[in-house]
Every structure is written in C-alpha cells, then in structure tokens.
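Quick note: the coordinates plus some simple rules give every number you see, no bench work behind them. Note that the coordinates shown come from a computational prediction; the quantities given were computed from them, not determined experimentally. Neighbour counts are summed over all protein chains in view; Cβ atoms, including those assigned to glycine, are modelled from backbone coordinates with ideal geometry.
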Amino acid sequence: MSGAGGQGAIPPAGDRGNAVAAGTWSPRAVEPIHGWLVARFDAIDSTNDEARRRLDAAQSGARGVVAATEQRAGRGTRGRTWSSPAGAGLYCSRWERTPPPAGADGAPAPTEIVFAAAVAAAEAIERATAAAGLEVAAWRRIVPGGDDRAAAWVGVEPINDLVVPIDADPATGLGKLGGILVETVLRAGRVDGLVVGVGLNTRAAARTVRADGRPAISLAEALGAAPPPGFEERILLPHLVERLDHWIGTLRRAGPAAVVPRFEARRLDGGAG
C-alpha cells in the first residue's frame with residue numbers, strides 16, 4: 001500500500017520513472033482468502049506498486065491482493081512517504097483489471113471508493129481486535145454504531161485517514177492509525193483498472209510523519225496491549241479482504257447512499273491533520 005494520499009491516477013508503467021520490474025520481489029506465499037488470491041510478502045517496495053505491476057500483466061477481469069508486513073518505499077499522494085517499518089503494520093493493496101460494470105449511474109468516483117475502503121478498514125480492525133480477544137477501553141467507544149461482530153471505535157478523518165483519540169483527554173487530540181490510497185489506472189484515456197491500498201499501524205515502532213500532520217499511533221498503543229503473534233496475517237488480513245469486498249461491492253450495487261452515511265458516522269476530524 002501507500003499511505004496518506006486519498007486518490008489519484010497511475011500513468012502507464014513506462015511513465016513512472018524508477019518503477020521496479022515485475023518479478024523483482026517474490027511472495028512468500030500465495031493463497032485464496034474470501035475469493036481473492038492473496039500474495040503475501042515479508043517486504044516489498046510498495047504494495048500499490050506491486051499491485052500495479054500485476055495489473056499490467058493481467059488479463060481483463062483479473063483481480064488479486066498484495067499484502068506485506070514491511071514496505072521499503074511506501075508512498076502516498078503528493079509525493080508523501082508512508083512509513084512502513086518491518087513487523088509493525090499491515091500493508092495491503094487490492095487490484096482489479098477493468099473493474100466490474102457498475103449500475104446505471106456509472107462507476108463510483110474515486111472519492112466514494114476511498115469512503116468505502118475507510119469504512120471497510122475500520123470494521124476490519126474492530127472485528128480483528130474482538131476476534132483476538134483484545135479489550136477496548138469504554139472511553140474509546142465514541143464512534144456511533146458498530147455491527148453484530150464488534151463495537152465501533154475506529155474513526156475516520158476526511159478524506160482518507162483512520163484515526164483514534166491518543167488518550168482519554170479529548171484535548172490531546174487524535175492519532176493516525178492508518179490510511180487509504182485509491183489509484184485508478186488509465187490506459188488510452190480510459191480507466192483500465194483500480195488499486196485500493198490500505199496501510200495499518202499495528203505495533204509500536206519509530207515512524208516518520210509529516211511535521212504538519214497528526215502523530216502516528218499503533219493498534220498496540222491505542223489498546224495498551226500488543227496483538228498476539230501472527231495477528232496481522234492470520235486475523236487482520238482476512239477481515240480486511242472480506243470487508244473491502246463487502247463495502248466496495250455495496251458501493252457498486254447500491255451507490256454512495258449506502259456507504260457515505262457509514263463514513264460520516266465515523267468522522268472524528270476537528271482541526272489540522
């Protein structure tokens with residue numbers, strides 16, 4: 001994945017400068033998860049870049065997921081870097097060559113896909129946390145709603161950040177738990193594919209953040225306890241793949257009216273960041 005960018009268009013591979021050739025990075029494992037073929041990497045340059053390389057080589061209608069626990073060149077929009085230290089997060093990019101046809105109103109706008117992905121990632125964190133038996137402090141449950149699997153406590157800050165309060169004092173502000181990067185792939189002037197990247201901070205580590213941005217916070221720091229070994233791949237990743245499939249599918253079937261209110265209900269923004 002990449003991080004703190006919202007959405008953008010990826011130019012043809014030949015126009016992207018120092019792109020890494022396909023095959024430079026080898027997955028540790030490839031396996032189906034909730035109907036998506038997931039390639040798992042220990043380390044990679046950027047999961048969004050690897051997703052694009054796979055998309056470029058795929059036939060129309062192909063799709064997949066790239067996941068890693070370290071990125072050497074994680075990125076966001078506007079040239080920003082997404083800090084992705086080894087063993088301290090989950091970085092995941094879902095790709096599709098020529099997205100499935102949408103309804104009569106046309107394909108969802110990139111911003112709407114960001115909203116769907118943010119809701120999906122928030123729910124995935126909540127469900128994975130509950131499945132791992134990690135306790136969430138009552139004061140953190142400030143987000144309305146939730147579902148039948150877990151209480152809601154992960155907020156969103158437009159347009160593409162996942163945030164939580166740093167501590168129980170509201171004046172302390174919010175910490176950035178993760179981010180979304182949606183990139184459309186253009187070929188001959190038309191959309192030929194879609195990459196949806198999600199980066200999540202799961203464990204405490206030194207991270208580089210923007211001087212004018214919110215401080216980074218990890219799941220372990222937010223909960224006061226480290227997730228169990230293997231949490232990122234065994235628990236969080238399956239929930240993330242399933243929730244992305246659910247909410248992006250819902251957006252395509254039912255339109256933004258089915259997604260935007262869920263995004264708005266999680267808004268915790270209020271100031272710089």
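Values computed for the structure shown
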{"item": "Residues whose placed amide H lies under 5 Å from that of A204, excluding near-sequence neighbours", "result": "A220, E221"}
{"item": "Gain in span if fully extended, A86 to D167, counting 0.36 nm per residue against the direct Cα distance", "result": "26.6 nm"}
{"item": "Gain in span if fully extended, L268 to A254, counting 0.36 nm per residue against the direct Cα distance", "result": "2.5 nm"}
{"item": "Distribution of pairwise C-alpha distances over region 218-273, 5 Å bins, in %", "result": "4, 14, 14, 17, 18, 19, 11, 3"}
{"item": "Fewest-first ranking of W95, W36, using other Cβ atoms within 10 Å as the exposure measure", "result": "W36, W95"}
{"item": "For G175, distant residues with modelled amide H under 5 Å away", "result": "V164, I166"}
{"item": "Nonlocal amide H pairs with T81, under 5 Å, H built at 1.01 Å", "result": "G76"}
{"item": "22 Å tail of the calculated P(r), region 164-249, as % of Cα pairs", "result": "44"}
